[in-house]
Structures are given as structure tokens and as C-alpha cells.
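What follows is a set of notes on a single structure, which appears directly below.
The values are calculated or read from the model by the stated rules, or taken from the named source; none is laboratory data. Not measured: the values here are computed from a predicted model. Neighbour counts run over all protein chains shown; Cβ positions are idealised from the backbone, glycine included. These accessible areas exclude ligands, DNA and RNA; they are computed on the full protein's heavy atoms, side chains included. Shrake-Rupley method; radii C 1.70, N 1.55, O 1.52, S 1.80 Å.
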Amino acid sequence: MASELEWRRRWKPDLKACPWQPLEIDGEKYLMKTKFSVNNYEVLLTDLTSYWHEIMEENALKKRIQKLNPSIEAPVVRILDHIKGSLEKPSRGTSLTVAFKSEGDDEKAKLSIKSELAGMPFLWHFLCSSADKSMACDHATVPLMAMVAELTRRQQELINIIVGKDKEIDDYKSQGARTSRKHIETTVFDETTFKNNMVTSKGFDSAVRKLGSAAFNADGQDLYRQIMTKHAWVTRSPTKDAVSDSLDDDESLNAGVGPSLPSWANRVPTSIGRGNSPIKSSPEKSPVKSPIKSPAKSPGSVGSRSAESTPSKDTELMRRQALERKLEEEDAKKQEKPKKKKKKLAF
């Protein structure tokens, strides 16, 4: 069975693992989570009372792009990247509006984005229908309860660490140690006093007034992502995991195996000679000649050289280069002699 680290490398996050991000539109507060890919997207919008959901595949996406922005021609991935950026980090001139429409028992939400793409006006509508009731539980209720439980656990861990630090400081003081500055000295931590102070503090009053609007800041989004990733790991299907492992094992066993596949370790670099690998496909083939021919064969040389004769090849190459340099020098001398004769005749 795959370890959690191996599973995380293969796992593809879905909308559940994407954190909520706060939106404020016309003074109203909403939460929205999105999952964009190269050719589709999925969104979930809520005002903490109702939930609206939309999935757009590539074909429907292209039709809506053409309908809303007929003068803009750009790849789908570029359009999706612009829409995502307009939601996460809206630039100047970007405006968001939301409208609701009831159709029988179904309430639809239309989230509109007006912005500019490459200097051209760009318009987009998220046309969301009422989400299934189970989505509220899967994407909000259960994750938020898990976040509260995890934060409570971490708080207790921090309390244990502080108590341990107090014991360490007390041991130092019993041996005569003192702080160099009096204002950095602290009192012994008491858990009950700390909790009472938190309830009566101004920060607690401010947090209650905001009704948790800061729950999904950067730290909150990161904690949500961690919890939902861990939840996907602990609730994974053992059958699918086992099938994935067996496929990986088969690929690793079959990769590069077989008598017709030569080993990379035994191949000769192309700079030394092409086709001179010691592993030959058939004995009937004639040996391939080396691209570098020596002017005179040495007594121990053979018509085709193997990878073991690399030093001799280097020697032949050096001799050939030396001969070429010598011939160039002789040609240069022959060209200089007539010039000198012409000078003497001139005098």
C-alpha cells in the first residue's frame, strides 16, 4: 500500500480541497470556492444560508465566451486565468455584482464580472443553480468543525509547551540565573487565568462582532486545505489505492526491460562514433566504419573500432589535427614568399 507521501504526489485535488475565499459585493458578504483547470471550472457560492453551484466544461465554456465577448479571441486557458485573477486579486476597473432569480423551487444566482482583458472590455457571468444540500455539509459544516477541533488541539499543545518552558525557567532561577533586563521577565503561566482573560479581552469582543469574517484569511485557508487533504487521505478507497499501486509496479517492471532494448550504460556517445555500441542487434550486420579515418593504419588497428579503442581514436585525431596545422603553415609561407620578391623587384 502506498505511503501518504506517495499518495499526495499522485492525488489530484477536487473542489472539496479548495479553500473558501471571502467576497464582499454591494455591502453583502459571501464565501466562494473555485477549482479552475486548463479547459473547465467549478464554483460554489454561499451567503451562509443558501448555496449555489456551477460546473462549466470546455464546449459550453467556449459558447459562453463567444456569446458574452464576441470581439475577444484568446485561448480558453488565458480566459480562465483572467477570470480566476479577477476573483482572487481584482484589478482597478474590475467590478463584481450578484443577482438572484427564483424559478419555482430553484433559486439561481448570477455573479457577474466586468473587467478588461488586453485593453478590451470583458464580461463574464457565473450562472449558478441551487446546490445539493449535501454540499453544505461536505464543504462547510464538517470542515469548519474539523478546523475548530484542530485549533483546540493546537492550543492545548502550545499550553503544554509554555508550561514546560516555565519549568525550565524555574530550574534556571533555582541555580541563580537572572534576566539581564527586568521588563522581559514573565510570570508563571496559568491556563485558567489565560482563558478568563481571553473571554474579557477587547479582541474577543471584536471577533464576535465580525462573526468570523476573518476565518478564511491566509492562515484559515491554509488550515482548511490541510484538513481536507488529510480527510481525502484517511477516507480514500483501499481498492483504488491497491489498483494504482499495482499499475505503478507493472510500469516500473516493464520500463526498459527486454532483449531488444539496449542499456544506456553500454551505449557509446555520438561524439566518439555512431553505431559503435558493443551490443549489436544481429551478427550478420557489417561493422560500421568510424567517421574518423587515419591516413595510415597502425599495426594493431582494425577496420571498425569498438568503444574500448577510444585512446587510439584520440591519438589519430590529434595526429590529423597536427597534420592539418602543418599544411596550413606551409600554404601561408608559400603565399608570403611572392610578396617579398615583389618588394625586391620594386627597389
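Of note:
- Size estimate for the stretch 1-155 follows the Kirkwood approach: the inverse of mean 1/r over distinct Cα pairs works out to 17.3 Å.
- Rounded, prolate or oblate (a/c below 1.5 giving rounded, otherwise prolate when a/b exceeds b/c) for the stretch 98-175 by Cα gyration tensor: oblate
- Were the residues from Ile55 through Ser91 laid out at 0.36 nm apart, the gain over their Cα-Cα distance would be 10.5 nm.
- One chain, two ends: Ile184 and Leu5. Fully extended at 0.36 nm per residue, the span grows by 60.2 nm beyond their Cα-Cα distance.
- Positive dipole terminus of the stretch 1-99, leading residue within Leu48, Ser91, Pro13 (C-beta point charges): Pro13
- With DNA, RNA and ligands ignored, accessible area of Thr200 (1.4 Å probe; Å², nearest 10): 110
- Amide H within-cut-off set for Leu117, under 5 Å, with H built and near neighbours excluded: Phe122
- Added length on full extension, which subtracts the Cα-Cα distance from 0.36 nm per residue, Ile25 to Glu330: 101.1 nm
- Size of charge dipole - the stretch 23-79 - debye, nearest 20, with Cβ of Lys, Arg +1 and Asp, Glu -1, no other charges: 260
- Pairs beyond 29 Å (Cα-Cα), from Lys63/Lys210; Lys67/Lys133; Lys33/Lys210; Lys67/Lys101; Lys35/Lys110: Lys63/Lys210; Lys67/Lys133
- For the stretch 152-229: rounded, prolate or oblate by the Cα gyration tensor [a/c cutoff 1.5]: prolate
- Remark: accessible surface ordering of Trp20, Trp233 (largest first) is Trp233, Trp20, probe radius 1.4 Å.
- Among Met147, Met318, the sequence by solvent-accessible area, most first, with a 1.4 Å probe is Met318, Met147.
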